[in-house]
Amino acid sequence: MVSVTNPIDDHEHHHGPAKGWMRWIVTTNHKDIGTLYLVFALAMLFVGGMFALTIRAELFRPGLQLVDPEFFNSLTTMHALIMVFGAVMPAFVGFANWMIPMMIGAPDMALPRMNNMSFWVLVFAGLLLLSTFFMEGGAPAAGWTLYPPLSIQGAHNIPFVVFSVHLLGISSIMGSINIIVTILNMRAPGMTLMKMPLFVWTWLITAFLLISVLPVFAAAVTMLLTDAHFGTSFFNAAGGGDPVLYQHLFWFFGHPEVYIIVLPSFGLVSTIVPTFSRKHLFGYSSMVYATGSIAFLSMIVWAHHQFTVGMPLAGELFFMYATLLIAVPTGVKVFNWIATMWQGSITLETPMLFSVGFIFLFTLGGFTGLMVAMAPADLQYHDSYFVVAHFHYTLVVGGTFPVFAATYYWLPKWTGHMYDENLAKLHFWLSFIGFNLTFMPQHFLGLAGMPRRIPDYAIQFADFNMMSSIGAFILGLSQLIFVYNIIKTIRSGDPVSDEVWEGAENMGLEWNLPSPPPYHTFQTPPDAYLIDKVTATEVTMR
Amino acid sequence: MKRLQQLLAGIVLSGLGTVVHADYTLNMPVGVTELSRETYGLHMMVIYICAAIGLVVFGAMFYSIYAFRKEKHPVPATFHENSKIEILWTIIPFLILIAMVYPATDLTIKHYDTENAEMTIKITGYQWRWRYDYVDEGFGFMSSLKADSNAARQIDSGISPRKVHNYLQAVDHPLVIPVNTKIRFLMTSADVIHAWWVPEFGWKRDAIPGFITDAWASIDKVGIYHGACAELCGRDHGFMPIVVDVRSKEDYQAWLAEKKLILEQDNAQADRVWSKNELMVKGKDIYLSACAGCHQPNGEGIKGSFPAIKASPVATGDKDSHIELVLEGKGAMTGFAEALSPVELAAVITYQRNAFENNSGDLVQPAKIKEWLEDLGYDE
Ligand SMILES: [Cu+2]
């Protein structure tokens, strides 16, 4: 283990990972922990995906064929919880672990032992949550929002869900503290804040966002627990409480959570698009400011999820205006990406395909976002399939496409092997087609009046539901290609150069390291001239 | 096949941002109220704005991919900022937003204007049915999923939903209201949060236990309108549809008079002694619409969620505690004192005590329920 008593000695002996499987339990290496996070996220993607496919199988045609309605509700609830907390968030933490030290020229994360702990806490929290399936009364079935009174109605699972949320929160907050401390203290000399890659910036802001809102969520579910088991009435009108109070607390966390997922993905796309356009990111500083404003605005818009609860007119209007404002910085980001591509020299390797796919589909999700932000129109859209379509366009696209892009982008660097480009392109196109076939029809279902979270539906919704289910299976099964390609890359991919992508050595510090990088990197900080080379600094002086 | 072509055409068109106008189920209904028409207008306005923005943004993106691909444009430019254009594309979206906000604000204010209503309907959400109270007339009734849909929707029912008329969209007692009348709807709930949504009226509103929310509609076309509960409310959330029967003012008055007459007769019935057979027949009806959702048609409940009625200590034990539980509720179960009439309560309790091989032989008379209700302080 790393000795902290004599850091100078430590520099001298280049030790590798611990032997055998214990390496993965005790590791404090940012690359190992990054890998653990990514593998965990991939596993959870399939668990959450199985829930989704069971849902879509039940909805393939009208009538109940496969599952009891209560179990169906458990599936929708757990699908969301597992995807958000088990798959997407850990995937971004995985990239943060792998890449932030390499991007800022640091030898590791600032708090390596806490890093290990936050991963293993996450695993136990995930297992605890999944264990509720095997309890009497089953897994939580009130939707991932856990609205009372429904969520605490006769539920045995509440203490487990609440404790699991606490653990997930502890894990995320420890991870966030680690990221903030690393970024603020461990940057190589010359790597000023405004020279950091945008992925690092988006994670810095996301980490602050996580620390700000997760405790509110933890408090809200704790109040659920005491309402359910200790006789309090925070959310019970009969005892002087208010069920809508929970919704305010939940969405104070829940809306920023959307940006906790999407901001790092903005960072990934801002890293990948320049490489394949062979041109530095357009409007770097406005990207940083846009990220900051989105994060700030995301904390004052929460009640747009509650336009139908009958809040006072002034509240309804305020939350509509504030929500619409988010379109401005988000638009800036999209324009900047396109300006980066403008007059570039573009090639469409798979990372770029997924990034362009992201920009296209996420913008569509942004358009429906503008629609649902209009309070009076939301009285129609709210809790219909239109909303389901909207947030999958933003969250599935935001939570997976950049993750796939980044995996293909850095996998050759991590492993020293090239992935199979043809298989990867097949993965992209099947995902793209499957995704749109799944979620485009859901817009029409919602507009036509189909509520969300129902296991069965009236006959006029049958055709679109069938299309959606077919799309879901294409989308789900095509992820097996992704897994196969990763395994194939590790085992037998062609060796790659250090730069991997043409001109990438000018695009980031990591491309100036060997492929694969040694177990410990940047034990001596990179030269300042190297930092200037990979940022747009020189070109600014033009 | 033609159907499929239409579907595909619709998807392609809307994918391009071109909006499909057909009243085929691709778009929001224009609806039958002032609010719904204006909501539709706002919806279309935003779609057109988004389509225009999409054309420019995606146009620029795909043009770049085509024109600046490496084969054609091997040497990339080196610019990476331009303050003028960056300020411009911050300000222009802001101005577009302001243009959108004006009509949206007006319409929001209109939605909130529930004053000067000509009549009031109170809507109460129950797991999993609705209750409609005609506040000015002093009566109300429950509205549950119709029996044929309910039979077909059971897992492995063997009944094809396509063979059921208005599958999952029909109820036993629709809400009947007059046309061209400003109606104020008051929403609340007896258990968990529900939401009352009829797309043709242009809004949905949450029904929250312990609170009252409101909304309004003045429907300008006679007809039958369908809707559903829109807020997840537990196991049978998908099975509590809404049917509104909008009638001409004369037809509505006639319906009202008839309804009141039946009500009077029912009240008179509450004072006579009922036979076991009468109670069991009526009780079965009420059981299926009010109890079977949780306790199941066969009375066996669902393990871990809903206790069985069959051989239960309550239904086979002390009669008074059974009555009290049904009237006042317990834990997750709401009380039915106000939801059902004395005759209905007496019938359903009698049914529970004698069906499912419970065979207690006990009869509960409506008069007994009336005494209970007075003792508990419910004004009948
Ligand atoms: Cu409901």
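Report the relative contact order of segment B:119-247, percent, no decimals, based on alpha-carbon pairs under 8 angstrom and at least 6 residues apart. Value for segment B:119-247: 29 percent. In chain A, Cα pairs under 8 Å separated by at least six residues give a relative contact order of 17 percent. Scalar couplings 3J(HN,Hα) for segment B:228-243, obtained by applying the Karplus form with A = 6.51, B = -1.76, C = 1.60 to θ = phi - 60°, are 7, 5, 10, 10, 3, 10, x, 3, 9, 3, x, 10, 10, x, 10, 10 Hz; x denotes Gly and Pro. Sites count as exposed loop sites when they are GluC sites (Glu not before Pro), lie in a DSSP loop, and have at most 16 other Cβ atoms within 10 angstrom; the longest stretch of chain A without one is A:137-498. Charged side chains reduced to their Cβ positions (Lys and Arg at +1, Asp and Glu at -1) give the protein assembly as shown a dipole of some 2300 debye around its Cα centre. Association of chains A and B removes close to 8800 square angstrom of accessible area from solvent, both sides included, for a probe radius of 1.4 Å. Within segment B:119-247, count lysine pairs with alpha carbon atoms under 26 angstrom apart where the residues are 8 or more positions apart or belong to different chains. So the count of such lysine pairs works out to 10. Residues in segment A:262-275 carry Karplus couplings, in order, of 7, 4, x, 6, 4, x, 5, 5, 5, 8, 7, 4, x, 4 Hz; the curve used is 6.51 cos²θ - 1.76 cosθ + 1.60 with θ = phi - 60°, and Gly or Pro positions show x.
In terms of distances greater than 24 angstrom between alpha carbons, the cross-link table entries B:260/B:282; B:303/B:368; A:333/A:413 yield B:303/B:368; A:333/A:413. Rounded to whole Å, the principal axis extents of the Cα atoms in segment A:30-75 read 50, 18, 9, largest first. Farthest toward the dipole's positive end in chain B, which of B:367, B:298, B:275, given Cβ charges of +1 (Lys, Arg) and -1 (Asp, Glu) about the Cα centre? Of the candidates, B:298 comes out farthest on the positive side.
For residue B:228, nonlocal amide neighbours, meaning residues 5 or more places apart or on other chains whose placed amide H falls under 5 Å from its own, are B:197, B:242.
Considering helices alone, the calculated mean residue ellipticity of chain B at 222 nm is -13500 deg cm²/dmol, with DSSP H runs of length four and up weighted by -39500 (n - 2.57) and normalised per residue. Each residue of segment A:122-133 is assigned a 3J(HN,Hα), and the resulting list reads 4, 4, 5, 4, x, 5, 4, 5, 5, 5, 5, 4 Hz, derived from the Karplus form 6.51 cos²θ - 1.76 cosθ + 1.60 (θ = phi - 60°), x at Gly and Pro.
Dividing the convex hull volume of the alpha-carbon atoms in chain B by its residue count gives 217 Å³ per residue. Holding the Cα-Cα limit at 23 Å, pick out from A:425/A:488; B:284/B:319; A:488/A:533 the pairs that are longer than that. A:488/A:533, as the Cα separations exceed 23 Å there. Take each residue of peptide A:57-66, count the partner chain Cβ atoms within 10 Å of its Cβ, and average: the result is 4. Taking the Cα atoms of the protein assembly as shown, the ratio Rg/Rh between the radius of gyration and the Kirkwood radius comes to 1.01.
Rolling a 1.4 angstrom probe over the protein heavy atoms with all chains in place gives segment B:34-111 an accessible area of 55 Å² per residue. Simple point charges give the picture: +1 on the Cβ of Lys and Arg, -1 on the Cβ of Asp and Glu, and for segment A:32-534 a dipole about the Cα centre of about 400 debye.
When only the Cβ of Lys, Arg, Asp and Glu is charged (+1, +1, -1, -1), the dipole of segment B:34-111 relative to its Cα centre reaches about 300 debye. What is the helix-to-structure angle for A:385-415, meaning the angle in degrees between its Cα long axis and the longest Cα principal axis of chain A, kept from 0 to 90 and rounded to the nearest 10? For helix A:385-415, the angle is close to 20 degrees. The alpha-carbon of residue B:259 sits under 16 angstrom from the alpha-carbons of these lysines, leaving out residues fewer than 8 places away in its chain: B:249. Peptide packing for A:103-110, B:270-277 was compared via the average number of neighbouring C-beta atoms within 10 Å per residue; ordered from the highest value, the list is A:103-110, B:270-277. For the pair residue A:226 and residue A:497 in one chain, pulling the backbone fully straight at 0.36 nm per residue adds 91.8 nm over the alpha carbon distance.
Across chain B, Cα pairs under 8 Å and at least six residues apart give a relative contact order of 13 percent. Taking 20 Å² as the minimum loss, tell me which residues in segment A:302-334 lose that much accessible area going from the chain by itself to the full protein complex (1.4 Å probe). At a threshold of 20 Å² (probe 1.4 Å), the residues of segment A:302-334 that become less exposed are A:308, A:309, A:310, A:313, A:316, A:317, A:320, A:321, A:324, A:325, A:328, A:332.
Ranking A:232, B:103, A:107 by Cα position along the charge dipole of the protein assembly as shown, where only Lys, Arg, Asp and Glu carry charges on their C-beta atoms, puts A:107 farthest toward the positive end.
Take each residue in A:143-152, count the other chain C-beta atoms within 10 Å of its C-beta, and the mean is 4. Within segment B:270-376, the ratio Rg/Rh, alpha carbon atoms throughout and Rh by Kirkwood, equals 0.93. Label separation (residue B:37 vs residue B:116): 1.7 nm, computed from points 7 Å beyond Cα along the C-beta direction.
Each principal axis of segment B:154-211 carries a Cα extent, and these read 42, 31, 20 Å when sorted largest first. Working from Cα positions, state the angle (0 to 90°, nearest 10) between the long axis of helix A:198-229 and the longest principal axis of chain A. Once rounded, one gets 30 degrees. Remark: mean inter-chain Cβ contacts per residue of B:225-232 equal 6, using a 10 Å Cβ-Cβ cutoff to other protein chain atoms. I'd like the orientation of helix A:313-325 relative to chain A: the angle between its Cα long axis and the longest Cα principal axis, in ° from 0 to 90, rounded to 10. So the inclination is approximately 30 degrees. Among B:59, B:234, B:141, which residue has its Cα positioned farthest towards the positive end of the charge dipole of chain B, with +1 placed on the Cβ of Lys and Arg, -1 on the Cβ of Asp and Glu, and the dipole taken about the Cα centre? Checked the options; the winner is B:59.
The values are calculated or read from the model by the stated rules, or taken from the named source; none is laboratory data. Computed from a prediction, not measured in an experiment: that's the story for all the values here. We place every Cβ from the backbone using ideal geometry, glycine too, and count neighbours over all the protein chains shown. These area figures cover heavy atoms from the full protein model, side chains too; ligands, DNA and RNA do not enter into them. Shrake-Rupley method; radii C 1.70, N 1.55, O 1.52, S 1.80 Å.
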